[in-house]
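Visitor: Here it is: the structure, laid out below.
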Amino acid sequence: MVIKAQHVTKIYRSGQLRVEALHDLSLTIEQGEMVAIMGPSGCGKTTLLNCLSGLDTIDEGDIYIRGQNLRDLSERERTAYRGQHMGFIFQDFNLLPVLTAVENVELPLLVSKMSSRKARWRALEMLEVVGLSARARHRPAELSGGQRQRVTIARALVNNPALVWADEPTGNLDSETAAEVMELLLRLNREQNQTFVLVTHAETIGQQAHRIITMRDGKILPS
Ligand SMILES: Nc1ncnc2c1ncn2[C@@H]1O[C@H](COP(=O)(O)OP(=O)(O)OP(=O)(O)O)[C@@H](O)[C@H]1O
């Protein structure tokens, strides 16, 4: 298995306030799976994704990613691990407005010290995979919402990560564009055997995943 969480508890504290966002939660996700995390607002979906990916730390329990206990990594090591093995897709796109599509996509490769020629070649290849070659030199403001999300997907996958995390990847899109983006994610998952974990409110999106994990009040409901 690629992801294993055991008895995970996550508590947010600010002053006197204390919110237990994840409560004694355990799960496993296999290599190549596409899993949708669903549940009502505030049940802990984003918190779970942030903890599983090592973006945030946990209070109790253990999370193993490909056998590595995240607890044993320093924050710096976790950041490096994410850069090498993980891709992130968020709903607000997070694209840099001053850069063109291809420049946005190649950025993670330049950060990981790939030569600029190789990075450009790989970024263009990835834009082709998501069907956006014709828009490579457009800036985000010159693209539609669906096209921007495709650039985000290309950027998340450009370094061929084993694991892809997506928080509401279709959240800002109309239903037709959302279906297209989901189709693209399913194709990439199938063709490259990458593991996808996505948080979504949309039933039609979640039902296309291999498995739905339903959360309530920081716990997973039995399936
Ligand atoms: N930084 C924080 N500080 C304190 N409480 C937080 C923080 N982030 C989230 N919470 C609380 O933790 C709980 C889980 O939040 P989370 O964002 O994981 O829910 P969610 O299921 O993703 O919700 P939504 O579907 O609305 O995005 C909520 O009760 C929320 O108010």
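The values are calculated or read from the model by the stated rules, or taken from the named source; none is laboratory data. Not measured: the values here are computed from a predicted model. A quick note on method: Cβ atoms are made from the backbone with ideal geometry, for glycine too, and the neighbour counts reach across all protein chains shown. Surface areas here come from the heavy atoms of the whole protein model, side chains and all, with no ligands, DNA or RNA. Shrake-Rupley method; radii C 1.70, N 1.55, O 1.52, S 1.80 Å.
Visitor: Search the stretch 1-46 for residues being part of a loop (DSSP other than H, G, I, E, B) and buried (at least 21 other Cβ atoms within 10 Å of the Cβ), and hand back the single one that is farthest from the ligand (Cβ to nearest atom).
Guide: The residue in question is GLY39.
Visitor: Restricting attention to the stretch 142-159, report how many residues are outside any helix (DSSP H, G or I) and surrounded by 17 or more Cβ atoms within 10 Å (Cβ to Cβ). Don't jump to the end; show me each part of the working.
Guide: Narrowing the stretch 142-159 to residues outside any helix (DSSP H, G or I): 143-144, 158-159.
Next, from what is left, pick out any that are surrounded by 17 or more Cβ atoms within 10 Å (Cβ to Cβ): 143, 158-159.
Looking only at that region, the number is 3.
Visitor: Any residue in the stretch 18-34 that is free of Cβ contacts under 8 Å to residues at least 60 places away in the same chain and basic (Lys, Arg) sitting within a Cβ distance under 8 Å of a residue that is within 16 Å of the ligand (Cβ to nearest atom) and in a strand (DSSP E or B)? List the pairs, counting only those 6 or more apart or interchain.
Guide: Qualifying pairs under 8 Å: ARG18/ILE11; ARG18/TYR12.
Visitor: Of the residues LEU55, LEU95, which single one is outside any helix (DSSP H, G or I) and either within 13 Å of the ligand (Cβ to nearest atom) or exposed (fewer than 14 other Cβ atoms within 10 Å of the Cβ) (or both)? Give the derivation first.
Guide: Values: LEU95 fails: either within 13 Å of the ligand (Cβ to nearest atom) or exposed (fewer than 14 other Cβ atoms within 10 Å of the Cβ) (or both).
It is LEU55.
Visitor: Right, next: From the list ARG187, ARG216, ARG211, pick out the single residue that is of a type outside the set (Asp, Glu) and without any contact (Cβ under 8 Å) to a residue 40 or more places away in the chain.
Guide: Details: ARG216 fails: without any contact (Cβ under 8 Å) to a residue 40 or more places away in the chain; ARG211 fails: without any contact (Cβ under 8 Å) to a residue 40 or more places away in the chain.
Just one listed residue meets the conditions, ARG187.
Visitor: Continuing with the same structure: From ALA162, ALA136, grab the single residue that is at pLDDT 90 or above, more than 20 Å from the chain's Cα centre (by Cα) and buried (at least 17 other Cβ atoms within 10 Å of the Cβ). Before you say what the answer is, go through the steps one by one.
Guide: On the way: ALA162 fails: more than 20 Å from the chain's Cα centre (by Cα).
Result of the check over ALA162, ALA136: ALA136.
Visitor: Can you say whether GLY83 is away from the ligand (no atom under 15 Å from the Cβ), within 30 Å of GLY145 (Cα to Cα) and part of a loop (DSSP other than H, G, I, E, B), as far as the supplied structure shows?
Guide: Working: away from the ligand (no atom under 15 Å from the Cβ): yes; within 30 Å of GLY145 (Cα to Cα): yes; part of a loop (DSSP other than H, G, I, E, B): no.
No, not satisfied.
Visitor: Only one of these is of a type in the set (Gly, Ala, Ser) and modelled with pLDDT of 95 or more: ALA80, ALA36. Name it.
Guide: On the way: ALA80 fails: modelled with pLDDT of 95 or more.
Unique residue meeting the criteria: ALA36.
Visitor: Can you find a residue that is part of a strand (DSSP E or B), touching a helix residue (DSSP H, G or I) at 6+ places or on another chain (Cβ under 7 Å) and among the hydrophobic types (A, V, I, L, M, F, W, C) anywhere in the stretch 65-80?
Guide: no
Visitor: Take the residues in the stretch 168-178 that are open to solvent by 20 Å² or more (accessible area, probe 1.4 Å) and within 16 Å of the ligand (Cβ to nearest atom), then tell me which one is nearest to the chain's Cα centre (by Cα).
Guide: Step one: of the stretch 168-178, the residues open to solvent by 20 Å² or more (accessible area, probe 1.4 Å) are 168, 171-177.
If we keep only those that are within 16 Å of the ligand (Cβ to nearest atom) too, we end up with 168, 171-172.
Details: GLU168: 9, GLY171: 13, ASN172: 16 Å.
That would be GLU168.
Let's see how each residue does on (1) β-branched (Val, Ile, Thr); (2) within 23 Å of LEU48 (Cα to Cα); (3) in contact (Cβ under 8 Å) with a residue 40 or more places away in the chain:
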| position | (1), (2), (3) |
| --- | --- |
| LEU107 | no, no, yes |
| ALA119 | no, no, no |
| GLU128 | no, no, no |
| ARG139 | no, no, yes |
| VAL158 | yes, no, yes |
| THR170 | yes, yes, yes |
| GLU180 | no, no, no |
| PHE196 | no, yes, yes |
